[in-house]
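Report on the structure given below.
The values are calculated or read from the model by the stated rules, or taken from the named source; none is laboratory data. None of these values were measured; they are calculated from a predicted model. Virtual Cβ from ideal backbone geometry, glycine too; neighbours counted across all protein chains shown.
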Amino acid sequence: MPDHSTVAGVPVDTRHWIGGRRVASAATFTDHSPIDGRALAEIARGGQAEADAAVAAATAAFPAWAATPRTDRADLLHAIADGVEARLEELAAVETADNGALLRSHRRGVMPRVAHNFRFFADWLRTLGHPDFDTRGHRNRVSWDPAGPCVLITPWNAPLMLASWKLAPALAAGNTVVLKPAEWSPLTASLLADIAADAGLPPGVLNVVQGLGAEAGSALVAHPDVRRISFTGSVPTARRIAAAAADRLTPLSLELGGKSPLLVFADADLDLAVDLAVGQYDNAGQVCLAATRLLVESSVAEEFTRRFAERAAALVQGDPREEATDIGPTIHERQLEKIDGFVRRALDAGATAVLGGHRGDGQYYAPTLLTGVAQDSEIVQEEVFGPVLTLQTFTTEDEAVALANGTRFGLAATLATGDPERAERVTGRLSAGTVWVNCFFVRDLRAPFGGSRQSGVGREGGTWSFDFYCDVKNTVTAPKGWHDHG
Ligand code: NAD
C-alpha cells in the first residue's frame, strides 16, 4: 500500500499517527469522493492492535503532558492554530474533495473556525478557575485535573471542525488523545497530525487511528485505559458506545442526531422565516442542527410555502468546488439510498412533494419539501440527514409547542416571530439544547452546546468542555494552627 495519496493537489499520509510515528496496517479501506465517486485513497484500516498501540502511546505521554505548564500547553495550541491557518487552503480543498461540503464554506467559515477552536480553548485555560471559598475558616479550592487518555470519535459531516472542537479542550486540559475520524472522511485528520507535529506537540499526545467504526472505533471505546470518550454521531452508534463504556463507567460526552423544528408564527417577518427555512438545505441537509421540520401557523402557511418554493427552486445544486453552488452532493451512495427510502415511504403514505422528492444525477438528492405528513409518521420522527424538509401547520401556540416537542430528539429549535413575549414564552416550553430566535446557527464557544433527550448527553463549550475532560477536584485546607485550637 502506498503511504500517501495526492488529493486536490495535496499529499496526504494514509497511515495512522501513533506515538509520533506513521504506522501502516496490513488491511486498508477505500475512501471515495462524493463529488464524482472517484477513489481518493487507500486508508490504513486499524483494529485492536492499532487501538492498543495508540492508547499505550497516549498513556505513556500523559504524565509529562499533564505536568507541562498551562501556558506552554496553550502556546502549543496556538502554534497548531497557526499551522491550520497556514494550510487553510489545502485543508479546505481536501475536506471538500473528501466530504463534498462547499469549498467556499470550508475556506471562509469552517477552517478559520477550526483554528479558532484551538485558540479559544488555549485562552479559556488561562481563565479557568473558581473563586476559593471558606467553610468555618477552612479554604475550599476547586481545580481541574486532566483525566488521562481520551478517545474522540467523530462523524463525516464536519470532520475537522468537530474533531478540533473536542481536541482543543482535551489537550488544553492536559489530556492525551486518540482521534478516530469517520471512515467516509478520514483525510483532514491526517493533515492535522502533521500540523500538530510541526507545531511541536510531543509524540503520543495526539494519536490518529484510521478505520471502521465496528473495528477501530469499538476497540478504542472498550479499552480499559481510556478515561474519557467523546462521541459525535448517530444515536444507534451512541448506544453501542455507551454499552462498551458501561463496563468501567468511563465518562461519556454524546453529541447526537436531531429532528429540530423551525416554528413560524403569523407575526413573523415572512421573508426572514423563508430565508431561515431555505438555509436548512445547507451542506445538503447533512447538519445535525438542521431545522428539518417546518411548523407554520395556518394563516400564513400558503404564502410561506409559495415563497419558500420560489426561493428554493433558485438554489444551485452541483459541484461543491464551484463558487456559485449552494447545495453539494450526498456523502455516500448508501446515504443517498437511505434518504430516498425515507422519501419514498413518506410519499407512499400519502405525503405530497411540493419540491423534489427524488434523486438527482450522480450522488445528488433534489432539495425536497414534503407536506401532508402526520406527526407520528417516520418522516417526521426520524432523522433523514439529507436535503429533506417537512411542513406541518398549527393554529395555536400550544399546538406549535406540542408538535415541536413531539419527537425523541431535542438538539435545537428555531423560532420566527415578531413578538418578543411570545418568543420568551415558547422558548421556555421547548425541549432543546439551543434555541435561536429570528436567527440560525449563531454559535459562540462560550455557550453550552448539546442536546436534550436522545440528542445527547452533556454539554460542550467553555467551562463545560473542561468539566468533561477533567477530574474536577475540591481541596479543603484547614487554617494554620486549627488543630491546636480545635
Ligand atoms: P455514525 O454514528 O455512523 O458514525 C460516527 C462515528 O462513529 C464514525 O467515526 C464511526 O466510524 C464511529 N463508529 C461507528 N460504529 C462505532 C462503534 N461501534 N464503536 C465506536 N465507534 C463507532 O454517524 P455518522 O453517520 O458518521 O454521522 C451522522 C450522525 O452524526 C447524525 O446522526 C448527526 O445528527 C450526528 N451529528 C451530531 C452532531 C452534534 O453535535 N449533535 C454533529 C454532527 C453530526
Tell me the strands (runs of 3 or more DSSP E) entirely within segment 1-58 that contain at least 1 residues that are more than 26 Å from the chain's Cα centre (by Cα) and farther than 27 Å from Leu102 by Cβ.
21-23
Would you call Gly217 over 18 Å from the mean Cα position of the chain (by Cα) and either farther than 24 Å from Arg240 by Cβ or within 12 Å of the ligand (Cβ to nearest atom) (or both)?
no
Hey, Phe231 closer than 20 Å to Leu160 by Cβ and touching a helix residue (DSSP H, G or I) at 6+ places or on another chain (Cβ under 7 Å) or not
yes
Check on His358, surrounded by fewer than 20 Cβ atoms within 10 Å (Cβ to Cβ) and within 23 Å of the chain's Cα centre (by Cα)
no
Scanning segment 220-252 for residues that are buried (at least 17 other Cβ atoms within 10 Å of the Cβ), among the hydroxyl-bearing types (Ser, Thr, Tyr) and near the ligand (Cβ under 9 Å from one of its atoms), which turns out nearest to the chain's Cα centre (by Cα)?
Thr232
Looking at segment 464-480, is at least one residue without any contact (Cβ under 8 Å) to a residue 60 or more places away in the chain, out of contact with any Ser or Thr (no Cβ under 8 Å at 6 or more places or on another chain) and not assigned by TED's automatic domain parsing to the domain that holds Trp144?
yes
Of the residues in segment 305-316, how many are buried (at least 20 other Cβ atoms within 10 Å of the Cβ) and in contact with a Phe, Trp or Tyr (Cβ under 9 Å, 6 or more places away or on another chain)?
1
Could you please find all residues in segment 242-271 being free of Cβ contacts under 8 Å to residues at least 12 places away in the same chain and assigned to a loop (DSSP other than H, G, I, E, B)?
Leu249
